[in-house]
Structure formats: structure tokens, C-alpha cells
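Please read the structure below before turning to the comments.
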């Protein structure tokens, strides 16, 4: 298809498509004449991924580029790839501490294996400090509520990876980390609404 | 305590404390002389909540103001208060559609009661469109994975509200919606890490 059709089908303006090509985020089309290139379904799929990460997740362009780079070079240790994917996602923490006492205590309580350099440790520590600041409960039963739910969810999320080629597994892991989060949060909010409506109707 | 001590204990610079007072986000201190006001533990607690919402959650100031207003005027219908709290939290969706076909189908699949004007419906729809764009699975079993986990979590989250005064319940609901989310996401990422390390070690 022509650039104009690619733009129309993806909903991404032509100028933005050209920008992504210049930035190396989208491959060039195949030159079919001196003035025209041809684009394929791969280009369309890539544009939709970029749009999902920028528009829906609201990620800064530099972080989207990091995530695309992980998908494009899917070699390497899966744990390191996960670490880099999580590092490209908000919340962006300073990560200049070397302790994270609240996160360490919580992780120990939940019996998780962890690496102190994994960004999610710093993210958890900040999140727990915010709870403490706001006077919200972060006692072991509350931590287990979230920890157990997430461990179960994570187990189900990882299961399909067993049958995937490595490049598919990396794409799934990287995009899945970014794109299932908003689904989960929206469903939590909807569940609150549902339960509140129910309890109010019962009265 | 003096303004200087309030600043030191909260970690919020004096100029920022003064800005919050001017903006009505923090009450004035009690004037003890022409040039000095006295601040209490309430001021410190409020500053910590503002810091948690701005720094840790990264919310824009206008949204923090919306959330504080909900906490300060805790009268009204709990469902409406939840709706306004969720509206003040990201992802900020345009909300200019009146359908949300993907969200409606998912909500029906999960058997949730919903109100199409509740912002989380638009948020879910956008999140599901992003999954579709990225070619990620959003079939009923996957929706149930997240929906069931969130319904269970939400039930446990709402339980303590039964014993609270109305103003406490509103504060808990509003801040809890905002501040438990990052904890849950960090724990999901840590659970992935834990499970990947485990599966790699097994090989």
C-alpha cells in the first residue's frame, strides 16, 4: 500500500509516519519507483503497536523506542529482557537508593525471589512509601492480598510463553507487561463500582 | 511547628508549601504573631498525601486538587464519589465516544453491573483497543483471568469500609484507588521476575 493508505488505515498522520521512519522506529517501505515506496501489513502492525504505547499507555517517545528495540532484537537472557522492559515503563523512579527497606520487607513477606537492581523493587518501595505517607494499610495481610493475586495472574500470563518461538515470547512479554496493566486497573475500578452498586441496592 | 520545620519533616520546600496554601490545597497555619504561624500534624499529613499523589503517582496538580476536594467534602453518594475519584486518575481518556463496544462486551462477559458514564468503561475500552492493535489476546478466558482476580481483590479492599465513618471511608476509597494501584503493578512485575528466575533455574 501507499504511504497515504498506511496513514489512513493506522490513523497515524503522514507526517508522523515519516517521523517514525526517520527515527528508525518504523522500517522504510520498499522503493517501487523514484518517488514511491510500498508498505505492507508489517508496517501497519508496527504503527498500531507504536500508537498503543504512545496514545493508550501515554509513554514518552524515548521509552517507546526502548521497547521497540527489545522487540526487534529478541536475543538474550529473558530475565534481562524483562528487566529492560519494566525499566521502560512508568512509574519512572529515581532508583538512586541502594536499600529499598519497605520493598525488601514486603518481598520477604511474600517469599519472592528478587534482584535488587530490578526496577520493580524501587517501584514497589516508592509505592509503599506513598501508602505510608497517606496512612493507608500496608500490613502483611494487605500485601498478601495483592501479592497472591498477582502471583496467580503472573503464572497464567507466563503459561502461553512455553509454546512460543523466542521472538514471539519477547514480544508477548514486553507488550504484555505494558498493555495488560491498564486492562487490569480498569477492571479493578469497575469491580469497585459493581460491588458498591450491589451493596447500595441491598440496603 | 514552624513552617521551616513543616518543610523539613515533609521534605517539601518552603516555597512549595506556601504555594499549596495559596492554592487552597493546604490549610493556613494558626497565626501566633504578626509574622509567625503554627502548623500541626494535620498539615504534615496533608503534605505527605499531596507528595504521594504528585511525586509517586505523578498526577498533574489539577488532578491532585480534585482528589483533595473529594476528601475534604466527603458528603454525597459513594458511587458518585468513586466516579469522580477515578475520573481524576490516569489514564485520561477523551471519553467523547458513546459506545465503547469492546468494554461493553468484556463487562457483559464478566457479569459486572456498570454505568456507561463511569470513566473506567472508557479506560477499559481504550486498553482493549490497545491489546487488539498489538495483537495480544483479549479472549474471554484472558478477560476472566484479570476480571476474577480484580473482583476478588476489590471485595477484600471494600470490606474494611463497613466499619469506617463516612469521611474515613471516602478518604480510604479515594486514596486507596490511587495508591494501591502502583503496589499491585510492581508486585505483578516482581511475580513475573520470580517465576522466570524459577523456570530458568529449573532447566
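The values are calculated or read from the model by the stated rules, or taken from the named source; none is laboratory data. Treat the numbers as computed from the prediction; the structure is a model and nothing was measured. For neighbour counting, all protein chains shown are included, and Cβ atoms are generated from backbone atoms with ideal geometry for every residue, glycine included.
Regarding the range B:82-92, can at least one residue be identified that is modelled with pLDDT under 90 and more than 15 Å from the chain's Cα centre (by Cα)?
At the first step, the residues of the range B:82-92 found to be modelled with pLDDT under 90 are B:82-92.
Then keep just the ones that are more than 15 Å from the chain's Cα centre (by Cα); that gives none.
The answer is no, given that none of the residues of the range B:82-92 is modelled with pLDDT under 90 and more than 15 Å from the chain's Cα centre (by Cα).
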Check your understanding: What do you reckon, is residue B:176 at positive phi and either buried (at least 17 other Cβ atoms within 10 Å of the Cβ) or assigned by TED's automatic domain parsing to the domain that holds residue B:104 (or both)?
Key -> no
Review point. Just wondering, is there one or more residues in the range B:21-43 that are within 14 Å of chain A (Cβ to nearest Cβ), exposed (fewer than 15 other Cβ atoms within 10 Å of the Cβ) and closer than 26 Å to residue A:90 by Cβ?
Key: no
Point to revise | Odd one out for residue A:101, checked against (1) exposed (fewer than 14 other Cβ atoms within 10 Å of the Cβ); (2) in the same structural domain as residue A:171 (by TED's automatic domain parsing); (3) within 22 Å of the chain's Cα centre (by Cα) | key: (3)
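Please enumerate the residues belonging to the range B:116-128 that are in contact with a helix residue (DSSP H, G or I) (Cβ under 6 Å, 6 or more places away or on another chain) and part of a helix (DSSP H, G or I).
Keep residues of the range B:116-128 that are in contact with a helix residue (DSSP H, G or I) (Cβ under 6 Å, 6 or more places away or on another chain), which gives B:118-121, B:123-128.
Correct list: B:119, B:120, B:121, B:123, B:124, B:125, B:126, B:127, B:128.
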Practice item. Only residues that are within 12 Å of chain A (Cβ to nearest Cβ) and over 18 Å from residue B:17 (Cβ atoms): list them for the range B:61-70, please. Key: B:67
Exercise for review: For the range A:120-140, name all the residues that are closer than 23 Å to residue A:175 by Cα and facing chain B (nearest Cβ under 8 Å).
Suggested key: A:120, A:121, A:123, A:124, A:127
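In this structure, is residue A:136 modelled with pLDDT of 95 or more and over 17 Å from the mean Cα position of the chain (by Cα)? Write out each step before concluding.
On the way: modelled with pLDDT of 95 or more: no; over 17 Å from the mean Cα position of the chain (by Cα): yes.
No: the conditions fail for residue A:136.
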**Study point:** Residues being surrounded by fewer than 19 Cβ atoms within 10 Å (Cβ to Cβ) and more than 7 Å from every other protein chain (Cβ to nearest Cβ) - total across the range A:141-168
**Key:** 14
Check your understanding: Would you say residue A:117 is within 19 Å of the chain's Cα centre (by Cα), exposed (fewer than 14 other Cβ atoms within 10 Å of the Cβ) and in the same structural domain as residue A:68 (by TED's automatic domain parsing)?
Key -> yes
